[in-house]
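What follows is a short report on a single structure.
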């Protein structure tokens with residue numbers, strides 16, 4: 001085709017074909033620039049600022065004492081007992097919330113993939129927890145469900161106990177006695193619907209003829225699940241784990257609202273600990289250093305994550 | 001395996017035609033036992049939401065009882081009290097921050113997605129990953145410098161500060177979503193239109209817009225939800241003038257002590273826009289939340 005159109009072009013100056021692709025490339029880039037510039041300014045500049053602040057001794061309660069201290073804030077971050085606890089809590093919180101909600105979400109998705117009476121309604125009801133404002137959900141769990149005196153949990157236990165003739169049910173102070181499980185359960189409640197939605201989308205994208213073939217071959221339900229459904233869902237499970245991790249690592253609302261990181265520092269995760277360092281201890285340098293460490297940790301997770309997402313792209317790019 | 005399908009084809013094919021699109025092989029229906037399990041699980045997950053809504057219509061004395069009294073008389077008092085206690089400015093701030101930032105996000109994301117899918121720049125995947133990488137950095141790590149910059153600029157307690165931050169927060173998601181929607185515009189139609197001499201605006205308006213409109217709506221929905229629910233920036237960067245609905249919720253617990261029924265009414269009220277939007281667009285939600293990766 002190019003050979004056909006080439007002859008008439010001989011009249012035009014030879015410079016033109018050299019500049020036009022470059023001009024064309026810029027024409028293609030222009031629509032990209034506003035978003036790119038905006039993103040760089042709003043997300044990258046603060047990070048550079050964090051790096052600078054992380055090398056300073058800076059407590060706003062001690063004005064005039066701000067000075068460069070090199071890496072000593074980082075030394076503090078890696079040796080501080082509270083921060084180590086916070087790292088551990090973040091790992092425990094994130095891992096348990098993501099794992100439990102993926103498993104529950106998978107179970108629910110398997111059920112909702114089949115037809116049953118009121119499936120549409122059940123699906124709508126199931127996604128409600130994910131749509132409730134996280135702060136509202138946290139307050140709801142803390143006051144309306146976990147409260148030892150009139151929360152729904154103890155109230156129901158009490159009602160059941162009375163039903164069986166006991167004078168009173170057990171009174172458990174859920175948040176104080178089981179702080180971490182209390183936070184985890186409220187978050188699992190919020191995130192399971194999210195996992196279910198993604199896995200349900202995966203199940204419904206499953207090619208029907210393969211399943212049918214498996215059934216014709218006499219595969220049991222368990223065999224079909226292990227050898228066909230699970231491998232097919234792998235990508236969707238990875239995506240759910242990945243997105244869940246990104247969001248759950250950053251959990252702030254639930255910790256701030258339900259436990260305030262307590263009792264002691266039993267539920268203080270990294271975001272909440274950084275918040276405390278910043279707005280309670282006013283140690284800006286330490287908070288920034290902790291922030292940098294969080295970013296580095298996130299980059300490690302993200303490297304794995306990007307590999308997963310890149311696999312989603314692969315077929316499209318090769319196309 | 002495929003050989004077997006071929007052998008079993010006639011009957012199976014007929015059955016397949018009878019089945020609805022989303023129902024594929026395996027057991028088409030749940031047995032009564034599993035239906036019971038499915039509904040039990042559904043009700044267990046829905047119970048806290050139902051309890052929140054129910055309690056919000058109770059009087060304070062009926063709300064905090066042990067054992068619970070679900071059949072207590074219903075009343076609208078809690079909602080009336082909320083509006084008489086100035087929840088309105090908080091809702092307006094939330095609406096303003098969410099709606100304006102959503103519009104800004106779309107205005108920035110649509111041209112970007114165009115440059116990444118329809119007329120892709122070279123190395124467009126690198127650009128995509130750059131946008132995504134900003135999502136991997138926890139917001140808490142940016143809070144301190146953002147707080148200091150905003151303070152120096154005299155922009156603390158200002159809705160526009162939240163608007164800028166929410167725009168940055170949602171832009172990567174929106175770019176990813178919009179790209180996947182724009183990538184669905186058939187290349188042949190675009191080429192044909194160009195051959196016919198249609199200019200860029202005509203192409204965008206007549207061909208891209210109709211295909212991308214559902215995607216645009218889905219993207220807007222997700223951005224709105226994330227902005228509406230955002231808490232950390234809102235609670236740390238606003239005080240009295242610019243506070244949003246989630247800040248109201250937390251503040252009102254500490255300032256008024258605990259009124260359970262009123263708390264439930266407030267929680268229901270602030271969750272309502274997202275609940276309605278989410279119920280209305282369930283399918284869009286999946287694709288949006290998975291950054292357009294799940295189709």
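Each reported figure results from applying straightforward, stated rules to the coordinates on display, with no laboratory input. Here the structure is a predicted model, which is why all the values come from computation and not from measurement. All Cβ positions, glycine included, derive from the backbone under ideal geometry; neighbour counts span all protein chains shown.
Quick check of the Kirkwood formula: for the stretch B:161-295, what is the inverse mean of 1/r over all pairs of different Cα atoms, in Å?
Numbers: mean 1/r = 0.0573 Å⁻¹.
This gives a value of 17.5 Å.
Using a 10 angstrom cutoff on alpha carbons, build the Gaussian network for chain B and name the most mobile of B:194, B:60, B:184.
Comparing B:194, B:60, B:184 in a Gaussian network model of chain B, the most mobile one is B:194.
Measure out, as a whole number of angstrom, how far apart the alpha-carbon centroids of the stretch A:34-52 and the stretch A:185-210 sit.
Using only Cα atoms, the two centres lie 35 Å from each other.
Taking each pair of distinct Cα atoms in the stretch A:199-295 once, what is the resulting Kirkwood hydrodynamic radius in Å? Let's see the in-between values first.
On the way: mean 1/r = 0.0590 Å⁻¹.
Radius from the Kirkwood sum: 17.0 Å.
Using a 7 Å offset from the Cα along the Cα-to-Cβ direction at both residue B:279 and residue A:41, what is the distance between the two label points in nm, to one decimal?
Modelled inter-label distance: 4.1 nm.
I want to check the label-to-label distance for residue A:168 and residue B:40. Put each point 7 Å from Cα in the C-beta direction and report it in nm to one decimal.
Roughly 3.1 nm, to one decimal.
Take the alpha-carbon centre of the stretch A:75-94, take the same for the stretch A:269-302, and report the distance between them in whole Å.
So the two Cα centres are separated by 10 Å.
Springs between alpha-carbon atoms under 10 Å, Gaussian network over chain A: tell me which of A:217, A:113, A:149 tops the mean-square fluctuations.
A:217
Cα centroid distance between the stretch B:205-242 and the stretch B:86-152, in Å?
Cα centroid to Cα centroid, the span is 9 Å.
Calculate, in whole percent, how much of the Cα-Cα pair population of chain A lies beyond 28 Å. It would help to have the intermediate numbers written out before the result.
Numbers: 30886 of 50721 pairs.
Considering chain A, 61 percent of its Cα-Cα pairs are separated by more than 28 Å.
From the convex hull of the Cα coordinates of the stretch B:104-240, what is the mean projected area in square nanometres? Each step should come with its number before you reach the end.
Details: hull surface 38.0 nm².
The orientation-averaged projected area of the Cα hull of the stretch B:104-240 comes to 9.5 nm².
Work out how far the C-alpha atoms of the protein assembly as shown reach from end to end along every principal axis, then list the three figures in whole Å, largest first.
Sorted largest first, the three principal extents are 97, 80, 49 Å.
For chain B, state the semi-axes of the equivalent ellipsoid (square roots of 5 times the eigenvalues of the alpha-carbon gyration tensor), sorted largest first and rounded to whole angstrom. Spell out each step's value before the answer.
Values: eigenvalues 329, 229, 52 Å².
The three semi-axes for chain B are 41, 34, 16 Å.
Considering only B:46, B:226, B:129, give the residue with the highest GNM mean-square fluctuation for chain B, with springs between Cα atoms whenever their separation is below 10 Å.
B:46
How large is the translational diffusion coefficient of the stretch A:103-194 in µm² per second when you combine the Kirkwood radius over alpha carbon pairs with Stokes-Einstein at 37 °C and 0.692 mPa s? Before the final figure, lay out each step's value.
Values: Rh = 15.0 Å.
So the translational diffusion coefficient is about 219 µm²/s.
With an 8 Å Cα cut-off and a minimum separation of 6 or more residues, compute the relative contact order for chain A in percent. Each step should come with its number before you reach the end.
On the way: 313 pairs, mean separation 89.7, N = 319.
It comes to 28 percent, rounded to a whole number.
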